[in-house]
Amino acid sequence: YEVGAKATWADGRVITNLAAFKNDYDDQQAQFVGVIPGVGFVSTFFNVAESEAYGLELEKRFAPGNDWFFDVSLGWLKTEVLEDNLAQESAGLASVEIGRELANAPEITGNVAVRKDFQLQEGKLLSLQLDARYVDERLYDILDTPVRRFTTTDPSYLLLGANAMLAFGPEGKYAVSVWGKNLGNEIYFMKAQDFDGLNGGASLFPGNPRTFGLSVSAEF
């Protein structure tokens, strides 16, 4: 279920998008990888009997003039497992904790970008941008336990980026960009898997460290 509104203000200089939503899940598919006592190492899919997610999303763009652009987006999300059928299906060998949040569902997310364009001679365009992305703490494994949750929890993190782009040619069809990502060299993870029962191990997949690059593009 979703309801929202999109509006343009101040002669097009301000654009606002707002949405509220609620999702009800029945038999949501999830994956289990680990060791079940008396069974051994298992990699299989199962269904979470019932869960829900609801939240708000806001996007706003402000162009005050003189080729300045400000973009902001915010998200608020709440998730919860309402019913578990895995314990019954596995004869009590595995279960999903009732009341816990879903995997990979940070409560707060946000993006901010500031861009300044410079109109150069011969139709060239130089764009300079700074941006930041915030992601709240999130859990990765829907079958983790409170005792071992520290191995599958990604703390909140903030990623900073910068980009300088020069567009040229007919209608700016060619572009060269120099960019940097994760300028603060923040340590964060894209995925984590808890192997509870397998010598207490966990597998963590880190995100990219501080990265710089050069991109060239052309439109046809």
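Given an 8 Å cut-off on Cα distances and at least 6 residues of separation, report the relative contact order of the chain as a percent.
Contact order relative to length: 14 percent.
Note down the magnitude of the dipole of region 4-121 about its Cα centre, charges +1 on Lys and Arg C-beta and -1 on Asp and Glu C-beta and zero elsewhere, to the nearest 20 debye.
740 debye
Under the classification rounded if a/c is under 1.5, otherwise prolate if a/b is larger than b/c and oblate if not, where does the chain fall, given a ≥ b ≥ c as square roots of the Cα gyration tensor eigenvalues?
Note, shape of the chain comes out prolate.
Can you order the peptides 108-114, 61-67 by their average number of other Cβ atoms within 10 Å per residue, highest first? All intermediate terms of the calculation are to be shown ahead of the outcome.
On the way: 108-114: 15.6, 61-67: 12.4.
The peptides rank, most packed first, as 108-114, 61-67.
In nm, to one decimal, how far is the modelled label at Phe69 from the one at Val42, with both set 7 Å along Cα→Cβ?
5.1 nm
In this model, which of Lys6/Lys191; Lys6/Lys173; Lys6/Lys78 are farther than 28 Å apart at the alpha-carbon? Don't skip to the answer; put the middle values down first.
Values: Lys6/Lys191 34 Å; Lys6/Lys173 30 Å; Lys6/Lys78 23 Å.
Long pairs (Cα-Cα over 28 Å): Lys6/Lys191; Lys6/Lys173.
Run the 1.4 Å probe and let me know the accessible area of Arg100, rounded to the nearest 10 Å².
Approximately 10 Å² of Arg100 is accessible to the 1.4 Å probe.
Take Met190, Met165 and sort them by solvent-accessible surface of the protein heavy atoms, 1.4 Å probe, largest at the top.
Sorted by accessible area, descending: Met190, Met165.
Assuming R0 = 30 Å, what is the FRET efficiency of Phe220 and Leu58, from their Cβ-Cβ distance, to the nearest 0.05? Spell out each step's value before the answer.
On the way: r = 36 Å, r/R0 = 1.19.
It comes to 0.25.
With +1 assigned to the C-beta of every Lys and Arg and -1 to the C-beta of every Asp and Glu, and no other charges, what is the dipole magnitude of region 80-188 about the Cα centre in debye, to the nearest 20?
760 debye
Give, as a single signed number, the net charge of other residues whose beta carbon lies under 13 Å from the beta carbon of Ser73, with Lys and Arg counted +1 and Asp and Glu -1.
Net charge around Ser73: -1.
Full-extension gain between Phe168 and Phe150, please, as 0.36 nm times their residue separation minus the C-alpha to C-alpha distance.
In short, 1.5 nm is gained.
Say R0 is 25 Å: what FRET efficiency, to the nearest 0.05, do Asn17 and Gln121 get from their beta-carbon distance? If you can, show how the numbers build up before the last one.
Values: r = 36 Å, r/R0 = 1.45.
After rounding to 0.05, the efficiency reads 0.10.
Treat every Asp and Glu Cβ in the chain as -1 and every Lys and Arg Cβ as +1, leave all other atoms uncharged, and give the resulting dipole magnitude about the Cα centre to the nearest 20 debye. Working shown, then result.
Values: 18 positive and 31 negative charges, 231 e Å.
Roughly 1120 debye for the chain.
As a test of reading the structure, rank Lys6, Lys173 by solvent-accessible area (1.4 Å probe, protein chains only), most first.
Correct descending sequence by accessible area is Lys6, Lys173.
The values are calculated or read from the model by the stated rules, or taken from the named source; none is laboratory data. Since the structure is predicted, the reported quantities are computational estimates derived from the model, not experimental observations. No Cβ is skipped: glycine too gets one built from the backbone with ideal geometry, and neighbour counts run over all protein chains shown. The accessibility values were calculated without ligands, DNA or RNA, using every heavy atom of the protein model including side chains. Shrake-Rupley method; radii C 1.70, N 1.55, O 1.52, S 1.80 Å.
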